Structure formats: C-alpha cells, structure tokens
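The values are calculated or read from the model by the stated rules, or taken from the named source; none is laboratory data. Computed from a predicted structure; not experimentally measured. Positions of Cβ are backbone-derived with ideal geometry, glycine not excepted, and every protein chain shown enters the neighbour counts. Note: accessible area is taken over every heavy atom of the protein model, side chains too, but ligands, DNA and RNA are not part of it. Shrake-Rupley method; radii C 1.70, N 1.55, O 1.52, S 1.80 Å.
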Amino acid sequence: LRRVDIPLVQHPESAAIVAVEGDLLVCVRQERPGSSGPTLELPSGKLEPGETTPAAAVRELAEECALRAEEWRELGWFWAAPAYSTELVHVFEASGLSAANGAALDPDEDVEVERVPLAGAMQKLSDAVSIAALALWLEDR
C-alpha cells in the first residue's frame, strides 16, 4: 500500500438538521465556493468552541431558517470526507417547528429557506452531507 500525501483539512465537528413540517423538508439554498452555482442543502453548520452538538443544531436552525423545534432527536453521525477532512457530522431530527427570532446569518452566508416535498427530496439535495443526513433519517423513521 503506497501512501499519498494529501493535505488534511482540520475542521470542527458540525451539526446537520433534518427539519420536517408534515410532508415538507426544510432546506437552505446558498452559494458555495466549491460549486458552480447555488446548492440545496439541509440546515447545518460547525460547532463553536465549547458548544455541544445539540446546542449547535438548535442555533443553526434558528440562524439559518428562523425556526425552532419543539422536539429534537439525535440520529447518528458520520465523517464528512475522512480522506482529507477531520469533520465529524452529527445529525439531528427537528420536529414541531415554529418561528424563532429572525435569522442571524454569519457574514459569509447568503441563505434562502426553501421547503421541498419529502417525496423526491433526496434527488434535489446538492451536497453529500445533506444526502447522508437525510439517508440516516429515512433509515430511522
């Protein structure tokens, strides 16, 4: 086995949220530097220093979607891209959604909330983290 020297991206852990309203999945559409156009993703984000994964999930749903959830359930975790990144993604289900205080996006974020039908949502998502998180949710429901 020949080892290849690939730069390792040091990335904090993150939280991805599967937020469901009836038969709709709450998603965010945003520009990403590595894509050729806007992506459709689940709400997600990295943990702040000292923050727990449940707290990060609550914060990200409020910041990106101006939503809060009555019920939370941790679904599992996975490595985002272990060949070149240390990012460990924790996946949460959020239900019983209601409006929270207005979105407070990070300066580098331009996010548009979009609700898509659960039927066919997997084919509409643009990034691997969202696809894997939704797969965990579908397997567990």
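Modelled with pLDDT of 95 or more, farther than 13 Å from Ala94 by Cβ, small (Gly, Ala, Ser) and part of a strand (DSSP E or B): does that describe Gly50?
Answer is no for this residue.
Would you please name the residue that is modelled with the lowest pLDDT, looking only at residues in the stretch 105-124 that are within 22 Å of His11 (Cβ to Cβ), open to solvent by 30 Å² or more (accessible area, probe 1.4 Å) and not charged (D, E, K, R)?
Applying the filter and picking the extreme gives Leu105.
Answer yes or no: is there a residue in the stretch 83-94 that is within 23 Å of Gly37 (Cβ to Cβ), in contact with a His (Cβ under 9 Å, 6 or more places away or on another chain) and not acidic (Asp, Glu).
Checked the stretch 83-94: at least one residue is within 23 Å of Gly37 (Cβ to Cβ), in contact with a His (Cβ under 9 Å, 6 or more places away or on another chain) and not acidic (Asp, Glu).
When you go through Pro82, Pro12, Pro7, Pro33 one by one, which is the residue that is open to solvent by 80 Å² or more (accessible area, probe 1.4 Å), in a loop (DSSP other than H, G, I, E, B) and in contact (Cβ under 8 Å) with a residue 24 or more places away in the chain?
The unique qualifying residue is Pro7.
Restricting the search to the stretch 53-74, which residues are more than 13 Å from Ala16 (Cα to Cα) and part of a strand (DSSP E or B)?
Leu67, Arg68, Ala69, Glu70, Glu71 - these are the residues of the stretch 53-74 that are more than 13 Å from Ala16 (Cα to Cα) and part of a strand (DSSP E or B).
Just wondering, is there one or more residues in the stretch 37-46 that are surrounded by fewer than 18 Cβ atoms within 10 Å (Cβ to Cβ) and small (Gly, Ala, Ser)?
Looking through the stretch 37-46, at least one residue is surrounded by fewer than 18 Cβ atoms within 10 Å (Cβ to Cβ) and small (Gly, Ala, Ser).
Between Ala69, Ala57, which is under 21 Å from Glu139 (Cβ atoms), touching a Phe, Trp or Tyr at 6+ places or on another chain (Cβ under 7 Å) and open to solvent by less than 50 Å² (accessible area, probe 1.4 Å)?
Just one listed residue meets the conditions, Ala57.
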